[in-house]
Each structure stands twice: as structure tokens, then as C-alpha cells.
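Working notes, beginning with the structure itself.
The values are calculated or read from the model by the stated rules, or taken from the named source; none is laboratory data. Just so it is clear, the structure is predicted and the values come from calculations on it, not from any experiment. For neighbour counting, all protein chains shown are included, and Cβ atoms are generated from backbone atoms with ideal geometry for every residue, glycine included. These area figures cover heavy atoms from the full protein model, side chains too; ligands, DNA and RNA do not enter into them. Shrake-Rupley method; radii C 1.70, N 1.55, O 1.52, S 1.80 Å.
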Amino acid sequence: MVDLSINCGGIKSPNPFWLASAPPTNSAYQICKAFELGWGGTVWKTLSEPIMNVASRLGGFDYSGQKLAGLNNIELTTDRTIEINLKEIYETKKLWPDRAIIVSLMVESKRETWHDIVKKAIDTGADGLELNYGCPHGMSERGMGAAVGQVPEYCKMITEWVTEVSTIPVLVKLTPNVTNIQMPARAAQAAKAQGVSLINTINSIVGIDLDTLRVVPNVSGKGGHGGFAGPAVKPIALHMVSQVATDPEFNLAISGIGGISTWKDALEFILLGATSVQVCTAVMHHGFRIVQDMIDGLTNWMQSKGFSNLDQVRGKSLTGLDSFGNLNLLYKAVARIDQSKCIHCNLCYIACEDGAHQCIDITPEDGHNKTVIREKDCVGCNLCAIVCPVPGCISMVRLDDGSEEKTWNNLIQDFKSEGRELSWENLAEFQKQHGIEIH
Amino acid sequence: MENIVSKLSTEQYEKNFQELHPPLTYGSALAESSRCLYCYDSPCMKACPTHIDISEFIKKISTDNLLGSAKTILKSNWVALTCAKACPVAVLCEGACVLNEKGDKPIEIGRLQRYVIDNYFEQGMPALFDVKPSNGKSVAIIGSGPSGLACGAELALLGYNVTIFEQSDVPGGLNTWGIAPYKMRKQDALKEVELVKSFGVSVKTGTGIGKNITFNELYKNYDAVFLGIGLGESNALSVKGEELSGVISALDFIEQVKTEDWSSVPVGKKVAIIGAGNTSIDAATEAKRLGAEQVIVLYRRSSQDMSAYNFEFDLAKKDGIIFHFLTAPKNIIGKNSVEGIECIRMEPGQPDSKGKRSVLPVPGTEFTIPVDMVIKAIGQEAQNDFISSVPGVKFVNGKIEINVENYQTGNPKVFAGGDCINGGKEVVNAAYDGKMAAHGIDKFLCN
Ligand SMILES: Cc1cc2nc3c(=O)[nH]c(=O)nc-3n(C[C@H](O)[C@H](O)[C@H](O)COP(=O)(O)OP(=O)(O)OC[C@H]3O[C@@H](n4cnc5c(N)ncnc54)[C@H](O)[C@@H]3O)c2cc1C
Ligand SMILES: Cc1cc2nc3c(=O)[nH]c(=O)nc-3n(C[C@H](O)[C@H](O)[C@H](O)COP(=O)(O)O)c2cc1C
Ligand code: SF4
Ligand code: SF4
């Protein structure tokens with residue numbers, strides 16, 4: 001039996017799949033529907049100061065015929081009154097006691113205002129709070145959202161205003177629009193929050209309409225930067241989650257967000273240390289129903305790998321994560337083509353020829369081109385294997401026997417102790433010793 | 001002819017002759033173009049007889065650069081709309097697409113090309129090519145089929161003064177008068193003629209060489225002559241009853257169909273087609289679409305020997321055409337009009353030097369099929385009379401002999417391409433020949 005239930009900084013839910021605070025979590029109607037389909041939790045659309053949205057709020061980033069590789073938005077927080085939202089949260093929680101309901105908050109930077117909204121949110125029976133320090137547009141200009149998230153001191157101060165009155169767990173939602181994501185995460189911890197959620201959206205301009213020459217989305221002739229989300233941001237989000245998870249000073253729970261569309265994406269966040277995951281764009285694209293594949297995809301994977309709960313999985317990939325200086329310079333891998341699978345598209349050839357190290361030859365054979373890798377020149381960069389359209393056709397094969405290891409850090413250490421400086425000549429000597437040819 | 005089928009409604013005719021491969025929409029073209037791997041030195045390009053840079057034109061569709069895409073296509077092939085609609089892509093570019101090897105559906109190259117060229121014509125043929133200033137030399141082209149058009153377009157861009165002489169009142173050759181209407185309509189072929197004319201080529205229709213003007217007159221007045229004359233009449237069956245009313249050659253029948261005045265084409269209720277090449281299939285499916293109740297293809301060899309492509313054979317079967325293999329016509333029976341066709345069973349004999357098995361009649365197996373119409377589709381003759389009137393041209397096995405390097409005939413001033421040099425292939429071969437011959441002519445005249 002596989003148990004998908006989680007406890008994220010004190011917030012419990014039957015599975016790790018939460019809806020991120022966004023249009024899918026605007027109302028009780030939507031959230032009840034989502035819970036019916038299996039979502040484990042939801043972060044209610046951010047409750048905030050009075051705002052008004054504009055028409056034309058979203059811009060899609062399509063790639064190569066694929067819709068919504070990314071989604072940009074200039075939407076603000078909820079545009080319904082605080083009272084209506086609180087009432088609906090209360091009613092929804094009553095109907096769904098086993099699901100996690102987290103109330104997202106963002107108000108002006110005044111202690112009393114925060115105290116007031118926190119108390120009201122707790123009164124709904126919600127399971128937790130999420131402080132939205134992430135919104136990169138509209139609210140930040142009013143001193144809220146990213147304007148707070150980008151300054152660790154503010155982040156700490158405001159979080160303290162919340163934690164000093166809150167009786168339920170507090171997650172701080174981080175903006176990725178910073179140079180070092182560890183700083184605001186540490187600030188959240190210093191302010192006694194129970195966890196962090198990341199990432200919020202990334203500053204972006206999604207595109208230009210080449211007929212009108214205006215930016216997209218266009219609000220009667222004008223537009224501006226917005227927040228970018230969806231599949232394209234996943235690698236950035238994964239990196240930021242890993243940075244927080246590997247920070248020795250940080251020990252709170254993590255709710256992973258950013259470009260999650262499938263159970264595989266979710267699992268990657270969990271493997272890098274997330275306890276819950278949140279989804280927005282994928283639901284905006286395909287609806288709440290996507291959670292069903294997420295739940296049984298993850299369950300089946302756990303079963304096939306012999307895991308019974310997510311605690312056994314969480315953070316598993318962090319051990320293989322290290323800095324460049326600790327990677328083995330003597331690891332030798334080369335590309336090999338399985339000629340029986342090759343379809344002769346020559347994509348590996350042109351990629352290597354123009355974009356890498358010119359180590360694939362093509363020769364005409366039986367009316368097509370035969371692509372052959374010159375192994376002695378192959379630097380093992382992976383490019384050909386990445387561009388090859390046939391699964392399993394090009395594989396990277398290890399040639400060294402693994403008995404020797406020398407990292408960059410080791411090498412520099414050696415140089416130091418031998419009193420040699422880091423020079424091209426000294427490097428060349430090391431390379432020669434180990435049969436590494438650079439051309 | 002007796003037992004002529006009754007006329008169908010206009011809607012029914014249109015439905016019967018509607019396109020087999022409808023155009024792609026913007027979204028589907030985008031999706032299909034994005035599916036292309038953008039192969040390097042792509043096999044599809046090599047498989048195209050005109051070597052269109054296919055991955056390049058497809059890439060340009062995916063970036064909304066449709067004019068650039070049209071230019072990529074046209075610079076290799078001047079009858080790209082016809083080719084997009086009528087090429088046997090399954091055995092050419094699409095057959096070579098690497099996705100076949102991957103077990104996926106090949107890219108729909110034909111339909112993508114059509115998408116681009118349709119758009120080009122819809123945009124009113126914006127100028128994409130520079131016409132070089134006149135070099136004062138003139139070339140006469142005989143025939144406005146794909147080979148003539150391609151040769152004319154290419155020469156005009158190089159600065160030649162080009163005149164195409166066409167015996168028919170409507171130009172385009174078999175693109176206009178031959179290709180099955182469910183593949184393309186006459187109008188499409190005429191658009192390509194307009195494109196070629198836009199480069200300054202003059203097309204003189206209703207001007208048969210050897211009829212309205214002698215070959216010698218052209219030969220004297222022009223610096224070079226290109227023969228894009230195609231083939232001649234359909235071969236005769238040489239059986240009794242061939243002169244009866246209701247016996248017609250496939251080409252004559254198809255030409256009537258291609259007027260697109262469907263209701264005026266007489267078709268018998270029961271039709272026999274003799275021969276099993278691509279033209280036979282066209283005639284058979286067209287007869288069926290005009291309302292014939294029963295259409296039978298008679299072929300004296302077996303199905304493996306049939307020259308029709310598999311996809312054409314499949315189409316005919318889908319249309320309910322009946323095939324009798326190893327069946328040869330012996331006599332056409334009837335008083336004034338066709339009433340039936342007497343056939344005899346054949347049996348395979350020894351393969352000949354080319355591996356084609358000979359067939360021999362089996363005595364005593366004669367039988368008669370009642371039919372109202374017989375369509376002869378056992379190939380076309382070469383234009384023997386005309387060709388023999390051209391001094392110096394060598395004529396071997398029904399084909400004009402040329403130097404494959406430059407398409408020059410035995411007469412240095414005379415070049416040739418298309419069906420008249422290959423005995424009847426595809427539009428795309430004619431298009432390539434015409435283009436290459438133009439360069440042969442250019443070298444000849446400029447050296
Ligand atoms: C019924 C049929 C269906 C076909 N379907 C297809 C198809 O689907 N796809 C495909 O790729 N190919 C098809 N083909 C083959 C294709 O049409 C030919 O290969 C191609 O048209 C050959 O081009 P061409 O320029 O050599 O000759 P043609 O297209 O035959 O053009 C020759 C032109 O020269 C003119 N001409 C001849 N003699 C003279 C003269 N003395 N003076 C003036 N003008 C003259 C003729 O009137 C004609 O217009 C089909 C052929 C037939 C018969
Ligand atoms: C239209 C839209 C509105 C959003 N509104 C909010 C919001 O009110 N509060 C918030 O914390 N995040 C908001 N977000 C950010 C999402 O919660 C989430 O962090 C982000 O979209 C990344 O996840 P995804 O890649 O699954 O979409 C919004 C995102 C979108 C696309
Ligand atoms: S990319 Fe893959 S399929 Fe294409 S030629 Fe190279 S090995 Fe073959
Ligand atoms: S072979 Fe197929 S996939 Fe490759 S370029 Fe040609 S059409 Fe595209």
C-alpha cells in the first residue's frame with residue numbers, strides 16, 4: 001500500500017497535490033469541484049487590499065506549435081471582497097475537513113492590518129496561512145508582494161507580525177526575482193514561519209505582437225511586465241527549491257511550485273526536498289481533472305520502486321547534488337549510436353558539427369547518410385544524444401573504469417601543495433597525463 | 001453509345017469530384033510543420049526529383065514566413081502547386097521521410113507545400129524573383145506542359161526572351177487536361193501558367209508547330225528550341241470493334257472530364273477499362289464518379305505487374321472498381337454501339353529480360369462481359385510524326401535521346417524534356433527536366 005499523505009510544516013493533506021493561489025482557487029465553487037476530483041489541498045486566491053483587475057491579463061508563450069510552454073499574467077489578488085472570501089473559505093472547510101485549505105494573504109505593511117487579517121483568516125477554520133511576498137507586478141508597486149519578498153528584512157518583519165498572532169502554520173511564498181533565494185527563506189525561518197512556498201512568478205515580457213508592435217498582453221494599446229509561470233519555469237523553480245533545501249541554515253518545510261503539470265514534475269520537486277507541490281498553469285490549461293493522473297502516476301511509480309510513503313522519497317536526489325568544483329574531471333563518457341535504431345535525420349551530425357566539437361562523420365551508405373562518432377574526439381557533452389529524435393538511439397557510454405577521481409577542487413589543491421600556479425601549461429600537463437585531448 | 005448514365009445534380013458531381021486531400025488550416029499546418037524534425041541533408045529533399053529544400057520550407061511555415069517558404073519551393077520547382085496536389089508523394093518525399101523509419105506517420109509534405117503555394121497565389125503572387133535584364137537572345141518552347149513552363153520560367157529569369165507555343169487553346173499540358181479533378185482542378189494549372197507569364201514569358205495558345213507554324217520557321221527565328229511536347233495519341237488496341245460508338249481513348253475521355261462540364265460527358269452504365277496503369281485508374285474512377293454503375297478494369301497480366309501505384313489501386317478499390325487480372329480483350333462486340341467485350345483468360349509464362357512475365361492466352365477460355373463503353377488505356381504513343389520532322393533529333397524506343405548533362409538533343413540548337421524524353425513519367429520529372437534544360441540552353445547560348 002502506498003500512502004501519499006503529507007504533513008507540510010504542520011499542514012496535513014491526503015496527498016501532496018495542492019492548487020496554487022491563483023485563478024483556479026478564486027471561489028468555493030471551483031475548490032469544491034477540485035476536491036471532488038482528488039486535490040489534496042488548496043491555497044486560496046490571495047486576500048488583499050481593494051484592487052481592480054484589467055481585461056486582457058494573460059499572455060501565452062507557445063513553442064514550436066505547442067501551446068502554453070509558459071504563461072504570463074498581470075492579474076492581481078482577489079477582486080472579490082474579503083468578507084465573501086472568508087465566508088466561502090469557512091463553508092468549504094466545513095465540507096472538506098480532510099483537505100488542506102491555506103489562506104493566502106497580502107496586505108499593506110502595517111502590523112495592525114496584518115494582525116486583523118490573520119485573525120479573520122484563522123476564524124474560518126483554515127489549516128494554514130501563506131504570505132504572498134511574490135507577486136511581481138501591480139502589488140509590488142504598492143509596497144506589497146515582491147517589494148517585500150525582495151528585501152529579507154521586510155520579509156522577516158512582516159512574517160513576525162503574522163507568527164506572533166497566528167495559531168496555525170504559516171508558509172512564506174517566495175519570489176524568484178532575487179539574486180539569492182536562500183536569504184528570504186532564512187528570513188522566514190528567523191521569523192518563526194513553518195515553511196516556505198516557492199516559486200512565485202518570474203518577471204517577464206511574454207512577447208510582442210509583430211503587427212501592432214505592442215507588448216502582449218495588450219490593454220487598449222498598453223502593456224507591461226508580468227509574472228511568468230508554466231512548464232518553461234520548472235528548471236528555474238527546481239534549482240531554487242534545491243538551493244533552499246540544501247541550505248544548511250534552513251530546516252523548514254518546502255512547498256514546491258513552478259511549472260508542475262504531471263506527477264513526474266511533482267516528483268522531481270519532492271526528490272529535491274519539497275513536501276507538498278502546488279499547481280496553477282497546468283490547471284488553467286487543462287482543468288482540475290489532471291490531478292487524477294498525478295495521483296495514480298505517483299502511486300504507481302512509488303509502488304514500482306518499492307516506496308510506501310513520501311517521507312522515503314523526499315530529498316532523495318539532494319545527495320547527488322554538488323558544486324562544479326566537486327565533479328570528477330576524469331569521468332570519460334562518449335556518445336554511441338545504435339545504428340539499428342538510427343533513422344538518418346543527421347540532426348546529431350549538424351548539431352555536433354556546428355554547435356559542438358565536430359566529432360561526428362557522415363558517409364553515404366545504402367542511399368542515406370551513416371553517422372559515425374569519432375570517439376577519440378568526443379568530449380561527451382551529450383548534445384547529440386539530446387537532439388536525437390529516437391529514444392535510446394544515442395547513448396552516453398562510460399569509458400573510464402571509475403578507479404580514478406580528480407575534481408577541480410582536488411586539482412587546485414594539488415597545484416597549491418606542489419607550488420604550481422594555475423596556468424594553461426600546467427593544465428595541459430595534467431590533461432596529457434590522463435589522456436585528455438582538447439582540440 | 002447506348003445506355004448512357006443519366007445526369008447527376010451539380011451538387012452530386014461536385015461531391016463526387018471533391019478533393020481527396022483537402023487544404024490544411026493554419027493550425028494544422030503549424031502543428032504539422034512543427035512535427036518535422038528539420039533533418040539535415042534530408043532524405044525527403046533527395047527523394048524529390050526537383051530537390052526542393054523540404055525541411056527548409058517546412059521550417060519557414062512554422063515561423064509564419066510563408067513567402068520565404070514559397071520562394072524556397074518555387075526556386076526548385078515552377079509547378080509546385082500541381083506537384084503538391086498530384087505528385088505520388090508516398091513513393092517520393094513522404095516515402096523517404098525519416099519518420100517512417102521511426103514508426104511514425106511521415107510529414108504531410110504535399111499538403112504543406114500546397115498550403116504555402118495556395119497562400120502565395122491568394123496573396124496575388126508577390127514578386128519573389130529578380131528577372132535579369134534582357135540578354136537579347138530568344139528561345140522558342142514547344143508545349144506549355146510542366147516541362148515547357150519550367151524551362152520558360154527559368155530562362156526568363158536568366159534574361160532570355162521566351163515564347164511558348166501551345167497547340168491547344170488552353171495552356172498547361174496534362175496539368176490542365178490530364179490530372180484527375182479530385183486531385184486538382186484546371187484552374188490550379190492555369191495559375192502556374194500565370195506565374196510563368198509574370199516573368200515576361202509569352203504563351204501563344206492555339207499555335208501548333210507543324211500545323212500553324214512550321215518547325216523550320218521557329219528554328220530559323222530563335223536561338224534555341226525546347227521540345228516539351230509530351231506524348232501523342234493513346235495506343236490502339238487493334239481488336240475487332242474498336243471503331244464502334246462507345247469506344248474511346250482514355251486521354252480523350254479524361255480531357256472531356258477535365259472540361260469540368262461533368263453533365264455533358266457521355267458515360268455508359270457499364271464501363272470496361274483496358275489496361276492497369278495510373279491513367280487507367282484515373283479513367284476508371286472518373287467514370288465511376290460520373291455515375292457509371294459498374295466499372296471493370298481488364299488487365300492481361302497479374303496484379304504484381306500492374307504499373308499503377310498501390311495507393312491508386314487502393315483508391316480504385318475504394319471506389320468499387322472491379323479488377324479482372326490475367327484477362328485480355330479479344331473483340332469488342334456490338335452493331336453500332338458497344339454491347340459487350342469478349343475476353344480471354346491469360347496465364348503467366350516465362351519472365352523476360354526485365355523480369356516482366358510474358359502472358360499467353362489459354363485457349364477455350366473466352367467469355368463475354370456485357371458493357372456499354374470501352375476505354376482504352378494501354379499507354380500513349382510518342383509524337384512520331386512531329387519528332388521526325390525535327391532535323392538531327394535522335395529518337396530511340398519512342399523517346400527523344402538527350403545528353404543527360406544539358407538536355408541537348410542530337411541537334412545542338414534543340415533541347416528536350418518531360419514525357420517526350422522519358423516515355424511518360426510524372427509532372428515532377430518534367431518540371432525538373434525543363435529547369436535543367438534551361439540551364440543547358442543558357443550554357444549553350446552563352447559560351
Ligand atoms: C491521365 C493522366 C493523369 C496523370 N496524372 C498524373 C498525376 O496525378 N501526377 C503526376 O505527377 N503525373 C501525372 N501524369 C503524368 C504527367 O501529366 C506528365 O508526366 C506531365 O504532364 C508531362 O509533362 P510534359 O511537359 O512533358 O508534357 P505535357 O504535359 O503532355 O505537355 C505537352 C504540351 O505540349 C503541347 N504540344 C505537343 N505538341 C505540340 C506541337 N507540335 N505544337 C504545340 N504544342 C504542342 C501539348 O498540347 C501539351 O500542352 C498524368 C498523365 C496522364 C496522361
Ligand atoms: C493568472 C495568475 C494569477 C496568479 N495569482 C496569484 C495570487 O493571487 N497569489 C499568489 O500567491 N500567486 C499567484 N499566482 C502565482 C501562482 O500561484 C504560482 O506561484 C505560479 O503560477 C507558478 O506555478 P505554475 O507554474 O504551476 O503556474 C498567479 C499565477 C497566475 C498564472
Ligand atoms: S540524430 Fe539519431 S537518428 Fe538522427 S542521424 Fe543521428 S543517430 Fe541517427
Ligand atoms: S525527412 Fe521528414 S522529418 Fe526529415 S526534414 Fe523531411 S519531412 Fe521533415
I'm trying to understand the selection: among the residues of the range A:80-111, which are of a type in the set (Val, Ile, Thr), more than 30 Å from the chain's Cα centre (by Cα) and in a loop (DSSP other than H, G, I, E, B)? A:Thr81
At least 1 residues that are more than 30 Å from B:Leu149 (Cβ to Cβ) in each: list the strands (runs of 3 or more DSSP E) lying fully within the range B:311-426 that qualify. B:322-324, B:327-333, B:340-351, B:357-361, B:367-370, B:373-376
One residue from A:Ala351, A:Ala385 being more than 10 Å from chain B (Cβ to nearest Cβ), modelled with pLDDT of 95 or more and either surrounded by 15 or more Cβ atoms within 10 Å (Cβ to Cβ) or under 22 Å from A:Leu330 (Cβ atoms) (or both): A:Ala385
Name the residue, out of A:Gln278, A:Gln292, that is loosely packed, with under 15 Cβ neighbours inside 10 Å, in contact (Cβ under 8 Å) with a residue 24 or more places away in the chain and assigned by TED's automatic domain parsing to the domain that holds A:Ile101. A:Gln292
Could you look through the range B:102-114, keep only residues that are of a type outside the set (Lys, Arg) and either more than 15 Å from B:Leu74 (Cα to Cα) or away from every other protein chain (no Cβ under 14 Å) (or both), and pick out the one that is nearest to the chain's Cα centre (by Cα)? B:Gly110
Please verify whether the range B:67-76 includes one or more residues that are within 14 Å of chain A (Cβ to nearest Cβ) and of a type in the set (Lys, Arg). no
In the range A:397-408, is there at least one residue being surrounded by fewer than 18 Cβ atoms within 10 Å (Cβ to Cβ), closer than 30 Å to B:Leu99 by Cα and either within 16 Å of ligand 3 (Cβ to nearest atom) or within 14 Å of chain B (Cβ to nearest Cβ) (or both)? yes
Filtering the range B:52-66 for residues that are away from chain A (no Cβ under 13 Å), more than 16 Å from ligand 1 (Cβ to nearest atom) and not in a helix (DSSP H, G or I) leaves a count of 1
Can you confirm whether A:Asp311 is within 22 Å of the chain's Cα centre (by Cα) and more than 9 Å from ligand 3 (Cβ to nearest atom)? yes
Which of the residues that make up the range A:312-348 are within 14 Å of chain B (Cβ to nearest Cβ) and free of Cβ contacts under 8 Å to residues at least 40 places away in the same chain? A:Gln339, A:Ser340, A:His344, A:Asn346
From the list B:Ile341, B:Ile254, B:Ile281, which residue is surrounded by 14 or more Cβ atoms within 10 Å (Cβ to Cβ), in contact (Cβ under 8 Å) with a residue 12 or more places away in the chain, at negative phi and touching a strand residue (DSSP E or B) at 6+ places or on another chain (Cβ under 6 Å)? B:Ile341
Taking the condition open to solvent by 70 Å² or more (accessible area, probe 1.4 Å) and either within 17 Å of the chain's Cα centre (by Cα) or within 16 Å of ligand 3 (Cβ to nearest atom) (or both), does A:Lys316 pass? yes
Within the range A:49-69, which residues are in contact with a helix residue (DSSP H, G or I) (Cβ under 7 Å, 6 or more places away or on another chain) and either in contact (Cβ under 8 Å) with a residue 12 or more places away in the chain or not small (Gly, Ala, Ser) (or both)? A:Phe61, A:Leu68, A:Ala69
Kindly check whether there is at least one residue in the range B:73-83 that is of a type outside the set (Lys, Arg), under 30 Å from A:Asp209 (Cα atoms) and either in a helix (DSSP H, G or I) or away from ligand 3 (no atom under 16 Å from the Cβ) (or both). yes
If a residue must be touching a His at 6+ places or on another chain (Cβ under 9 Å) and hydroxyl-bearing (Ser, Thr, Tyr), how many such residues does the range B:384-427 contain? 1
Scanning the range A:362-382 for residues that are of a type in the set (D, E, K, R) and within 14 Å of chain B (Cβ to nearest Cβ), which turns out surrounded by the fewest Cβ atoms within 10 Å (Cβ to Cβ)? A:Asp366
Is it fair to say A:Ala69 is away from ligand 1 (no atom under 16 Å from the Cβ), open to solvent by 10 Å² or more (accessible area, probe 1.4 Å), within 14 Å of chain B (Cβ to nearest Cβ) and under 27 Å from A:Ile181 (Cα atoms)? yes
Checked pairs for the range A:117-142, first basic (Lys, Arg), second part of a helix (DSSP H, G or I), C-beta under 7 Å and 6 or more apart or across chains, list as A:Lys120/A:Leu86
Counting only residues in the range B:25-50 that are among the charged types (D, E, K, R) and more than 7 Å from every other protein chain (Cβ to nearest Cβ), the one nearest to B:Arg114 (Cα to Cα) is identified as B:Glu32
Kindly check whether there is at least one residue in the range B:9-23 that is on the phi < 0 side of the Ramachandran plot, within 14 Å of chain A (Cβ to nearest Cβ) and crowded, with 17+ Cβ neighbours inside 10 Å. no
Return yes when A:Lys33 is more than 12 Å from ligand 2 (Cβ to nearest atom) and closer than 29 Å to A:Lys12 by Cα and no when it is not. yes
Restricting attention to the range B:145-193, the residues that are assigned to a helix (DSSP H, G or I), closer than 20 Å to B:Gln380 by Cα and either open to solvent by 10 Å² or more (accessible area, probe 1.4 Å) or within 16 Å of ligand 2 (Cβ to nearest atom) (or both) number exactly 3
Report every pair of residues separated by at least 6 positions or lying on different chains whose Cβ atoms are under 7 Å apart, first residue within the range A:70-90 and at pLDDT 95 or above, second in a helix (DSSP H, G or I) and away from ligand 1 (no atom under 16 Å from the Cβ). A:Gly70/A:Pro231; A:Gly70/A:Ala232; A:Gly70/A:Val233; A:Leu71/A:Thr281; A:Leu71/A:Met284; A:Leu86/A:Lys120; A:Glu88/A:Ala28
Is it the case that the range A:375-382 has a residue that's under 29 Å from the mean Cα position of the chain (by Cα), away from ligand 4 (no atom under 16 Å from the Cβ) and not in a loop (DSSP other than H, G, I, E, B)? no
Of the conditions (1) buried (at least 17 other Cβ atoms within 10 Å of the Cβ); (2) in contact with a Lys or Arg (Cβ under 6 Å, 6 or more places away or on another chain); (3) touching a residue at least 60 places away in the same chain (Cβ under 8 Å), B:Glu426 clears all except one; give me its number. (2)
Would you call A:Arg420 more than 14 Å from chain B (Cβ to nearest Cβ), of a type in the set (Lys, Arg) and not in a loop (DSSP other than H, G, I, E, B)? no
